[in-house]
Amino acid sequence: MSTAGIRSDVEVGVVIPAFNRGDCIGRAIASIQAQTMTNWEVIVVDDGSTDDTVHVVRAIAERDPRIRLVIQPKNRGAQVARNRGIAACSAEWIAFLDSDDRWHPTSLELRLGLARVQRSSVVHSACDIQHEDGSMTPFQTAAVAGAVYERLLLSEGPMFQTMLVRREALNKIGGLDERIVAFQEWDTALSLARHYEFGYVTESTFIWDCRRGDTMSKNFLRAGRGYEQVFQKRFFDILRTAGPSAIADHYRRAAKWYRDADAGGDAARCTRLARVWSVLDIRSAARRVRDKLASHA
């Protein structure tokens with residue numbers, strides 16, 4: 001993965017993928033400009049927008065040289081945009097923000113501070129969610145720290161907007177997997193957790209804005225596809241560490257996403273596979289009981 005030279009005068013590079021976000025990306029950038037830590041750069045990667053996103057970002061960048069715009073002529077997806085943004089950053093640390101979300105003012109200070117104290121290469125945090133009616137409540141993220149790979153094999157992990165990652169860690173995993181269509185942060189966290197322990201900031205560092213109707217989480221079919229991609233990518237690790245029941249649980253969750261998308265065929269397929277792996281788990285448990293009884297005979 002090609003990278004720009006690391007600059008000593010910039011500590012954190014913030015990558016923002018953007019597609020048709022002219023109405024809200026200004027708020028996202030403003031939340032970075034309001035950080036208590038000021039030694040950062042922002043790379044906005046426009047992913048083939050057809051609205052005024054490019055114009056809005058250019059106008060902001062003219063007033064703040066810490067902000068740069070990279071343009072992808074065609075829409076290629078958020079992972080491609082993030083990888084391009086990472087390559088354009090010149091800092092040792094990389095953080096991510098979506099174009100319709102916002103950070104709390106101490107977001108970078110808290111996460112980088114913990115990373116230094118614990119000498120962690122990956123740090124994430126708690127967050128808040130802003131609902132469609134404008135109200136805000138804490139969002140239950142996976143508050144995992146230390147060696148978390150086996151824990152993340154069982155369910156989703158940190159959100160991109162809370163993750164602060166050392167550049168060398170992203171290089172080690174070969175960047176972000178551009179094939180993954182949803183649950184991309186879960187896939188990235190799993191790749192990082194194979195090699196690094198995680199730090200966790202208990203304070204909320206960002207606001208997940210769910211007031212828009214086109215958020216990734218509301219595209220149920222894509223969510224089902226992405227969920228399957230992520231757990232099937234680690235299928236044998238899941239089977240080895242958690243057994244057939246964990247595989248069954250993942251198929252059940254994928255089936256729910258497909259049912260919400262009215263994708264009956266995929267939902268039925270995943271439901272059948274969940275039943276198969278549940279039966280295998282029962283047989284495995286029975287075999288262990290028989291082996292134990294035999295050893296005491």
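Points worth noting:
- Qualifying residues in segment 216-238 (those that are of a type in the set (A, V, I, L, M, F, W, C) and in contact with a helix residue (DSSP H, G or I) (Cβ under 6 Å, 6 or more places away or on another chain)) - the one surrounded by the fewest Cβ atoms within 10 Å (Cβ to Cβ): F220
- Given (1) modelled with pLDDT of 95 or more; (2) within 21 Å of the chain's Cα centre (by Cα), number of the condition T3 does not satisfy: (1)
- For segment 124-159, filtered to residues that are polar (S, T, N, Q) and crowded, with 17+ Cβ neighbours inside 10 Å, the residue that is nearest to R240 (Cα to Cα) is T141.
- Scanning segment 8-31 for residues that are basic (K, R), surrounded by fewer than 20 Cβ atoms within 10 Å (Cβ to Cβ) and touching a helix residue (DSSP H, G or I) at 6+ places or on another chain (Cβ under 6 Å) returns no hits.
- Which listed residue, of A267, A246, A274, is among the small types (G, A, S), under 26 Å from F139 (Cβ atoms) and assigned to a helix (DSSP H, G or I): A246
- Qualifying residue in segment 77-92 (condition: more than 22 Å from W186 (Cα to Cα), surrounded by fewer than 17 Cβ atoms within 10 Å (Cβ to Cβ) and more than 14 Å from the chain's Cα centre (by Cα)): yes
- Selected residue (criterion: farthest from V148 (Cα to Cα)) from residues of segment 224-243 that are part of a helix (DSSP H, G or I) and among the small types (G, A, S): G224
- Only residues that are over 18 Å from G85 (Cβ atoms) and of a type in the set (F, W, Y) were counted in segment 17-42, giving 0.
- When D128 is tested against (1) of a type in the set (D, E); (2) within 20 Å of N171 (Cβ to Cβ); (3) out of contact with any Lys or Arg (no Cβ under 6 Å at 6 or more places or on another chain), exactly one condition is not met: (2).
- Selection status of E185, surrounded by 21 or more Cβ atoms within 10 Å (Cβ to Cβ) and either of a type in the set (A, V, I, L, M, F, W, C) or in the same structural domain as S120 (by TED's automatic domain parsing) (or both): yes
- Being of a type outside the set (S, T, Y), touching a Leu at 6+ places or on another chain (Cβ under 8 Å), assigned to a helix (DSSP H, G or I) and in contact (Cβ under 8 Å) with a residue 40 or more places away in the chain holds for only one residue in L190, L176, and it is L190.
- Positions within segment 253-264 being on the phi < 0 side of the Ramachandran plot and either in a helix (DSSP H, G or I) or surrounded by fewer than 17 Cβ atoms within 10 Å (Cβ to Cβ) (or both), in sequence order: R253, A254, A255, K256, W257, Y258, R259, D260, G264
The values are calculated or read from the model by the stated rules, or taken from the named source; none is laboratory data. Quantities reported herein were computed from a predicted structural model and do not represent experimental measurements. Ideal geometry is used to build each Cβ from the backbone, glycine not excepted, and the neighbour counts take in all protein chains shown.
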